Structure formats: C-alpha cells, structure tokens
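Reading through the structure tokens given below for one structure.
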Amino acid sequence: MNSRSGLAAASLALALVVVSVSTCILPRSAIAGADPSHPKNWTAPSYKIYGQKLCDQIMANHPELISVTFHGVPPGADEGTFTMFAGSFPERIGNVDDPDDVMVIKTGITILDPRWHRAADPIRKFVVMTPLRDASGENIGLLVLAYHNPLNMAKSEREFLEMGTAIRDELQFRIKSMAALFERA
C-alpha cells in the first residue's frame, strides 16, 4: 500500500469512527423551535452571563457559522450536571448534554463531524466539537461550532479543524476560569 492510499484509508477509518460515536447536536427541534420533550438539568440565571456574551460575539463575527454552544458543569451544580450553558439557541440552554458532548469534556478529544444525509439533521453542516479552555490552558468544558457546508463549498476536514481551533484558541485568552463564564456580562 503506498502512502497516499494508506492516508486515504486512515482518513476514511477516522471519519467512520467519528460519525459512529457522534450523535445529533442540532436536532430538527433546534431549527423548528424548542423541543419541550428534551430534558433540562440546569436553569440559567435571569441575567446574561459572560459565556453567552462570548457566544453572541462569536456568532456576530463569524457568518460562516450556523451555531456556537458552550457545554460543561455549571459552578455549584452536581458533578454530573453536563449541560449547554450558553449558545446561539437560547431555548436549548439547560438541555442535558449528549454522550458525545460529555466524552469531549471528560477526555479532551476533538470530534470532526460532517453532518449530512441525516433524517434528524436536515441542514448540511460540518461540526467541530473541541475542548473549551481557560486562559491557563485548562480544559474546562466543550465548544461546539456548526459551520455552513453547502455542496459547493469544498472545504476539507483540515480546514474546518483549523477554523474551529482558531476560534477556540482566540477564545481561550478571554476566559479567566469556568466560574468567570457564569458572571454577569
């Protein structure tokens, strides 16, 4: 096997693993409105938190994104309270995290997921799920970035990874700590 075909086989195997461990992050309900049957495990404060301010700024500065969300265990919550605590779909704040969200938070891996041909995820997109880091470089949660990925875009997985890690790395220096994300904006 030459190096080109070996690389292609490895890329295909990685794509299959990523798709097989990944679940739908942006369900149809996120497009059509909130899904009242999706359980909540946290309630946001009545004021805008700093994490939400950062999400709003990311969306304003990156038109290539469909959505951005922050996930983790809010300060003061029980240890296993993995939830979306800020993001571009406010009605989903407080939703219980999916298993792939928790996996990224616990292990620090990054998942690249080309999402198309899914009944529950009808918009063609590319999702980057990567650890959310604080200014010290500590993994404190999960950053999920869903990019527009129309058929004519022709971006590679590497390009989506580079775009996602650039946003993550820029964001890191604006986050003092996990607790700071919950302060009044």
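The values are calculated or read from the model by the stated rules, or taken from the named source; none is laboratory data. All values reported here derive from a predicted model rather than from experimental measurement. When we count neighbours, we look across all protein chains shown, and the Cβ atoms used for this are built from the backbone with ideal geometry, even at glycine.
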Sole exception among (1) more than 24 Å from Thr83 (Cβ to Cβ); (2) more than 13 Å from the chain's Cα centre (by Cα) for Leu161, by number
(2)
Checked pairs for the stretch 154-173, first of a type in the set (S, T, N, Q), second buried (at least 17 other Cβ atoms within 10 Å of the Cβ), C-beta under 7 Å and 6 or more apart or across chains, list as Thr165/Thr130; Gln172/Arg133; Gln172/Asp134
Is it the case that Ala86 is over 30 Å from Leu151 (Cα atoms) and aliphatic (A, V, I, L, M)?
no
Among the residues of the stretch 121-136, how many are touching a strand residue (DSSP E or B) at 6+ places or on another chain (Cβ under 9 Å) and outside any strand (DSSP E or B)?
3
Please state which of the following conditions Tyr147 fails to meet, knowing it meets all the rest: (1) surrounded by 14 or more Cβ atoms within 10 Å (Cβ to Cβ); (2) of a type in the set (Ser, Thr, Tyr); (3) not in a strand (DSSP E or B).
(3)
Checking the condition of a type in the set (A, V, I, L, M) and closer than 18 Å to Phe85 by Cβ, which residue from Ile140, Ile111 passes?
Ile140
Quick one: in the stretch 38-51, which of the residues that are outside any loop (DSSP other than H, G, I, E, B) and touching a helix residue (DSSP H, G or I) at 6+ places or on another chain (Cβ under 8 Å) is surrounded by the most Cβ atoms within 10 Å (Cβ to Cβ)?
Gly51
Which one of these does Asp78 not meet: (1) part of a loop (DSSP other than H, G, I, E, B); (2) at pLDDT below 50?
(2)
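Report yes if Phe85 is within 16 Å of Lys40 (Cβ to Cβ) and not acidic (Asp, Glu), otherwise no.
Here the answer is yes, as Phe85 does meet what is asked.
Of the residues Ala77, Ala135, Ala60, which single one is more than 22 Å from Gln172 (Cα to Cα) and either in contact with an Asp or Glu (Cβ under 7 Å, 6 or more places away or on another chain) or not aromatic (Phe, Trp, Tyr) (or both)? Before you say what the answer is, go through the steps one by one.
Working: Ala135 fails: more than 22 Å from Gln172 (Cα to Cα); Ala60 fails: more than 22 Å from Gln172 (Cα to Cα).
Result: Ala77 is the single residue among Ala77, Ala135, Ala60 that is more than 22 Å from Gln172 (Cα to Cα) and either in contact with an Asp or Glu (Cβ under 7 Å, 6 or more places away or on another chain) or not aromatic (Phe, Trp, Tyr) (or both).
Going by the conditions given, is Met129 under 12 Å from the mean Cα position of the chain (by Cα) and under 16 Å from Cys55 (Cα atoms)? It would help to see each step written out before you state the result.
Details: under 12 Å from the mean Cα position of the chain (by Cα): yes; under 16 Å from Cys55 (Cα atoms): yes.
Considered against the rule, which asks whether it is under 12 Å from the mean Cα position of the chain (by Cα) and under 16 Å from Cys55 (Cα atoms), Met129 comes out as yes.
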